[in-house]
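Worksheet: one structure, shown below.
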Amino acid sequence: MKWAKENLFSSWPSTVATLLIALFAVKFVPPFFHWAIGNAVWSASGPEACRAVEGRGACWAFIAEKHRFILFGTYPYSEHWRPALASLLLIALWVLSSFRGMWHWWLSLVWLSGLGLIGVLMWGGVAGLPYVENERWGGLILTLILASFGAALAFPVAILLALGRRSRLPAVRAFCVAYIELIRGVPLISVLFMASVLLPLFLPAGVSIDKLLRAQIALAAFAAAYLAEVVRGGLQAVPQHQSDSAAALGMGYWRATSLIVLPQALRASIPPLVNTFIGLFKDTSLVLIIGLFDLLSTIKVSLQDAAWSGFGVEAYLFAAAVYFVFCYAMSWYSRSLEAGPAGGAGTKQARAERDRLFASP
Amino acid sequence: MKKSWLYQAALLAAAGLALWYFASNAAQNLDARRIASGFGFLRREAGFEIGETSFFSYGAADTYLRALAVGLANTFRVAALGVVLATLLGTLVGLARLAPNWLLARLAGGYVEVLRNVPLLVQLFFWYALISESLPAPAEALNPMPGVYLSNRGLYFPLPGDFPELAGFNFTGGVGLTPEFAALLIGLVTYTAAFIAEIVRAGILSVPRGQVEAAYSVGLARRGAMRYVVLPLALRLVVPPLTSQYLNLTKNSSLAVAIGYPDLVSIANTTMNQTGQAIEGIALIMAVYLTISLSISLLMNWYNRRVALRGVAG
């Protein structure tokens, strides 16, 4: 009672707000639950049951009917366990890497072998697994692959770009600044168009790179510019005397950078790096526009089945829920790092810098 | 010192070589496909209709140049309206997050979390599906307020002295938003507002209590303290990230191509498909967005210099 008085009815504007919210809740929440749960069709042999309650109840049967295609795209039906296992493996790798205790050099070996195993699972062609060309990969695993490989490819490039932008060499600096500002100034879709339409033009006749790889390159090239700015923020947080001391010990630029400056800079920028990675994860959905079958794309294609058309609201709520689970988990993790005892980037200045730099497209 | 010049010369040489390699390949490939490079195609007849136009009149007999101008105008229309509405909604949500009312603050927090953690493209598809599937046909349009009609053919609002009326299969009069435009606008505004809310919240929290108390103690009233102390301090922190959100909104409006709103990217895409002039089309898209981005950042730098606190570090 006391709590309610303090938090809901402390002043008359607060009371009005509480009453208005209560009014809206009474008016809209029960109908929503009737639609989403009470009247919903959960499983059905055909769309007729859904048509019968159209407008009054949700058709989750659509998701149930199409879940194999949504999750695995056109991957051969009998082999669906392979992308399923690969997805779990990839998620496990991310979860493993989130623990502070795992941040050692050998983690990169774990990743390399993990990614190799995923490649074997997905392509097959060895150990009795039938070969599946990557044109047939789709669904959740494609989204996970695009995000993971995108980050893995973009990260080293981003570090070089960030170092280059702070370099004393004018040509190197100009090159890095031009790249970063160019990429950050244009929409991702134009970079994806460039990769899907222009890349084939720029290669000699007869040489072709497949669509998945082109999209992967575009996503990595795009993410690299944003990651570079985050890394630069981390580099700025390392005091000048650190590299001065390293130089005084007789270290050259590369030794000082890789052993002294970068470890501190990267540790400080992990939370904003995670935030940029969330942006990359969301951005993978844009590959739909250049015709790749990621999770969003398989959902959209499922809706084109004439028998099941018209359940877009349910389908996209499901898509939103899947993306939300992944992104929310990551943003929760990023916040827990900042709040943690050694959260180097938890300073106000670093946060402000992060907010300025982390501009999710 | 010598070594550094070697590095730079190597970088420039590599970049130049790559450029020359790509250009010569492109020239060969274009030759093989019999595509003439250059912007001459802009004067040719476009031959496609555009669903909605703003500022320019347009017909299928007009040139590609005019079609692209219509696309650019459509981009500006949705971006300008989006920026204004997203600022309003974002400020409200940001203030609500700091409200003493527990329910209101929680609601605003939930809004920010949900909207920020779902890809914009999913949200656009959702709004488009909601409008085109869940709203009734124009004859049974929802009429939540006098003069406001919501149907699967678009959202119609009244103007003073000009009310929408049902004529045939759709409404005429008032201000009408097509389903595509409405979905894009709602999606961009609600998504960007979530980011703006966080910026506004951080800006307000950044003003130390001591500053406000000091303002009161030198005799400023509440309004004066707001006007001369709190707002100038908060705005210094808020304006730069806010501008970057405006830029994001403008760049994100290019997702229009996925739901069929004829913005610049969507029309350039059609143009590229029809003429095969991919290099020119993409160069055009990039040039337009770069011009917008760079002019805004120049403006930002000028503003930052103008408002920079003198004699205070940071």
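Values quoted throughout were computed directly from the atomic coordinates according to the rules given, and no laboratory measurement underlies them. The structure displayed is predicted, hence computed values, not measured ones. All Cβ positions, glycine included, derive from the backbone under ideal geometry; neighbour counts span all protein chains shown.
One table, with the values for the structure above:
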{"read-out": "Cα-Cα separations in region A:157-207 greater than 12 Å, expressed as whole percent", "value": "69"}
{"read-out": "Rh (Kirkwood; distinct C-alpha pairs) - the protein assembly as shown, Å", "value": "27.8"}
{"read-out": "Helical mean residue ellipticity (222 nm; -39500 (n - 2.57) per DSSP H run of 4+; nearest 500) of the protein assembly as shown", "value": "-21500 deg cm²/dmol"}
{"read-out": "Separation of alpha-carbon centers, region A:89-103 and region B:106-146, rounded to whole Å", "value": "36"}
{"read-out": "Number of partner chain Cβ atoms within 10 Å, mean per residue of A:317-324", "value": "5"}
{"read-out": "Residue pairs, from the table A:K211/A:K300; B:K3/B:K251; A:K66/A:K211; A:K5/A:K27; A:K211/B:K3; A:K66/A:K282, whose Cα atoms sit over 30 Å apart", "value": "B:K3/B:K251; A:K211/B:K3"}
{"read-out": "Those residues of region A:305-336 whose amide nitrogen sits under 15 Å from the label point placed on A:A92, 7 Å along Cα→Cβ", "value": "none"}
{"read-out": "Rg over Rh [alpha-carbon atoms, Kirkwood Rh] for region A:1-151", "value": "1.21"}
{"read-out": "Options A:P170, B:Q245, A:L249, ranked by Cα towards positive dipole end of the protein assembly as shown, top entry (Cβ charges)", "value": "A:L249"}
{"read-out": "For region B:126-133, 3J(HN,Hα) per residue [Karplus equation, 6.51 cos²θ - 1.76 cosθ + 1.60, θ = phi - 60°, Hz, x = Gly/Pro]", "value": "4, 4, 5, 5, 4, 6, 7, 9"}
{"read-out": "Sequence-separation-based contact order of chain A, relative, with Cα cut under 8 Å and 6+ spacing, percent", "value": "18"}
{"read-out": "Region A:165-309: projected area of the alpha-carbon convex hull, averaged over directions, in nm²", "value": "12.2"}
{"read-out": "Region A:27-62-region A:165-226 distance, computed between alpha-carbon centres (Å)", "value": "45"}
{"read-out": "For the protein assembly as shown, cysteines whose Cβ has no other cysteine Cβ within reach (under 4.7 Å)", "value": "A:C176, A:C327"}
{"read-out": "Magnitude of the charge dipole, the protein assembly as shown, Cβ model with Lys/Arg +1 and Asp/Glu -1, debye to 20", "value": "2580"}
{"read-out": "Ranking of A:F281, A:F193, B:F55 by count of other Cβ atoms within 10 Å, fewest first", "value": "B:F55, A:F281, A:F193"}
{"read-out": "Alpha carbon Rg of region B:13-99, scaled by the compact-globule rule 2.2 N^0.38 Å", "value": "1.82"}
{"read-out": "Of B:T178, B:L11, B:V114, farthest towards positive along the dipole that unit charges on Lys, Arg, Asp, Glu beta carbons give chain B", "value": "B:L11"}
{"read-out": "Karplus-derived HN-Hα couplings along region B:244-253 (A = 6.51, B = -1.76, C = 1.60, θ = phi - 60°), whole Hz, x at Gly and Pro", "value": "5, 5, 4, 5, 4, 4, 5, 5, 5, 4"}
{"read-out": "Distance histogram for region B:80-275 (every C-alpha pair counted, 10 angstrom bins, percent rounded to whole numbers)", "value": "9, 26, 29, 21, 11, 4, 1"}
{"read-out": "³J(HN,Hα) computed for each position of region B:52-63 - Karplus, 6.51 cos²θ - 1.76 cosθ + 1.60, integer Hz, glycine/proline x", "value": "9, 10, 10, 6, 10, 8, 8, x, 4, 7, 6, 7"}
{"read-out": "Likely footprinting exposure, B:Y64, B:Y303, fewest C-beta neighbours within 10 Å first", "value": "B:Y303, B:Y64"}
{"read-out": "Sites A:W12 and B:N273 - FRET efficiency at Förster radius 60 Å, r taken between beta-carbons, to 0.05", "value": "0.50"}
{"read-out": "Long-range amide H partners of B:G154 with built H, under 5 Å", "value": "none"}
{"read-out": "Burial ordering of A:S148, A:S302, B:S57, fewest other beta-carbon atoms within 10 Å first", "value": "B:S57, A:S302, A:S148"}
{"read-out": "Gained length - A:R56 relative to A:L19, 0.36 nm times residue gap less alpha-carbon distance", "value": "10.6 nm"}
{"read-out": "Estimated D of chain A in µm² per second, where Rh is the Kirkwood radius over Cα pairs and Stokes-Einstein applies at 4 °C, 1.567 mPa s", "value": "55"}
{"read-out": "At least 20 Å along the helix axis (C-alpha) and Kyte average at least -1.0, DSSP helices within chain A", "value": "A:12-33, A:81-97, A:106-123, A:140-165, A:170-185, A:211-237, A:312-339"}
{"read-out": "Calculated P(r) tail over 20 Å for region B:36-182, as whole % of Cα pairs", "value": "66"}
{"read-out": "Distant-in-sequence amide H partners of A:G139 (H built 1.01 Å from N, under 5 Å)", "value": "A:G73, A:D294, A:L295, A:T298"}
{"read-out": "Region B:80-275 - charge dipole about Cα centre, Lys and Arg +1 at Cβ, Asp and Glu -1, debye rounded to 20", "value": "960"}
{"read-out": "B:F157 paired with A:Q264, simple spin-label distance in nm, labels 7 Å along Cα-to-beta-carbon", "value": "5.3"}
{"read-out": "Region B:20-124, dipole about Cα centre (Lys/Arg Cβ +1, Asp/Glu Cβ -1), debye to the nearest 20", "value": "200"}
